[in-house]
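The values are calculated or read from the model by the stated rules, or taken from the named source; none is laboratory data. Model, not experiment: these values are computed from the prediction. Because the Cβ atoms are built from the backbone with ideal geometry, glycine has one as well, and the counts that use them run over all protein chains shown.
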């Protein structure tokens, strides 16, 4: 993408992150957004320059439509009427409905490839944007039959330029897939978090990492998500109905209280283990089995940096890390995932440097 001119329509988290990534790779980036404050912040962050009112001064090489699913078709039509670019893509998390709407509006689909980078955050807006947001992440590409090879090529180059892995997929297959791995899990997370609105102080005081993990994505912007869920309603409903059936059966069996009922609930938990293990691991493929080294860590500047430095001295690679904070106390437990054969070496190094390492 070096030397290319890219127009980004929409300066939220995804649009601004794409713009930052393209700037790092030598592309000229022009930005536009109906929200003047968001546009101004994206420009201030170095994501690009504002798109002049008269357009980019000739068609750009690519226009990225970083708008909600319901706005993709009309935004594409408007951009094509203005000859904004010679090729177009979007980043909405639903593909079939926007493509249908674009066809109905008479958009030129020969120069459009629908896209969806599978990356994001519970935070939104340009202030949360990062140039490395897409590194190693899949980027779905749903090219309509009429899309030209040149259009597919430049949109694929965009995904690769952002550090992502392009994944060609049919729009309907994409929507069913994200309903299972993204959209329905968000609703389930929100349903669990909603139970907390009536929780008393005792329950909230006992909150641990489990409930934090399950409800993390429930902090996302509801306005954004209602648009996503509405655009992918049927596939999401299918998954939610299946999950609801499992939960209803589990609730009934737990109320039964018999040993046989417990066995059936255990089956659900085992199926959960099996499903979780199928999620690709850190480097793709099967998940690796890691050992966990726990460290009691004071809540003060520099502690994490020193622990990471100690791991480097011990020549131990940190595969993953989480922190569980102790409510009301200025400390927490750091859990460091490492390959099993390196766990004791790391634990010994940390103990030697004065940290409390249980076990």
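Tabulated data
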{"read-out": "Residues being part of a strand (DSSP E or B) and either surrounded by fewer than 17 Cβ atoms within 10 Å (Cβ to Cβ) or in the same structural domain as residue 207 (by TED's automatic domain parsing) (or both) - total across the stretch 328-359", "value": "4"}
{"read-out": "Wholly within the stretch 199-246, helices (runs of 4 or more DSSP H) carrying at least 1 residues that are surrounded by 13 or more Cβ atoms within 10 Å (Cβ to Cβ) and touching a strand residue (DSSP E or B) at 6+ places or on another chain (Cβ under 9 Å)", "value": "209-215"}
{"read-out": "Given (1) modelled with pLDDT of 90 or more; (2) loosely packed, with under 15 Cβ neighbours inside 10 Å, index of the condition residue 262 fails", "value": "(1)"}
{"read-out": "Count of the stretch 32-76 residues which are out of contact with any strand residue (DSSP E or B) (no Cβ under 7 Å at 6 or more places or on another chain), in contact (Cβ under 8 Å) with a residue 40 or more places away in the chain and over 14 Å from residue 126 (Cβ atoms)", "value": "3"}
{"read-out": "Single match in 283, 325 (criterion: modelled with pLDDT under 90, within 23 Å of residue 213 (Cβ to Cβ) and surrounded by fewer than 11 Cβ atoms within 10 Å (Cβ to Cβ))", "value": "283"}
{"read-out": "Selection within the stretch 138-167 - in a loop (DSSP other than H, G, I, E, B) and farther than 16 Å from residue 22 by Cβ", "value": "143, 144, 145, 146, 147, 148"}
{"read-out": "Within the stretch 125-141, tally of residues that are surrounded by fewer than 22 Cβ atoms within 10 Å (Cβ to Cβ), more than 22 Å from residue 98 (Cα to Cα) and under 13 Å from the mean Cα position of the chain (by Cα)", "value": "6"}
{"read-out": "Lone qualifier among 191, 179 - being outside the structural domain of residue 93 (by TED's automatic domain parsing), assigned to a helix (DSSP H, G or I), without any contact (Cβ under 8 Å) to a residue 24 or more places away in the chain and in contact with a helix residue (DSSP H, G or I) (Cβ under 9 Å, 6 or more places away or on another chain)", "value": "191"}
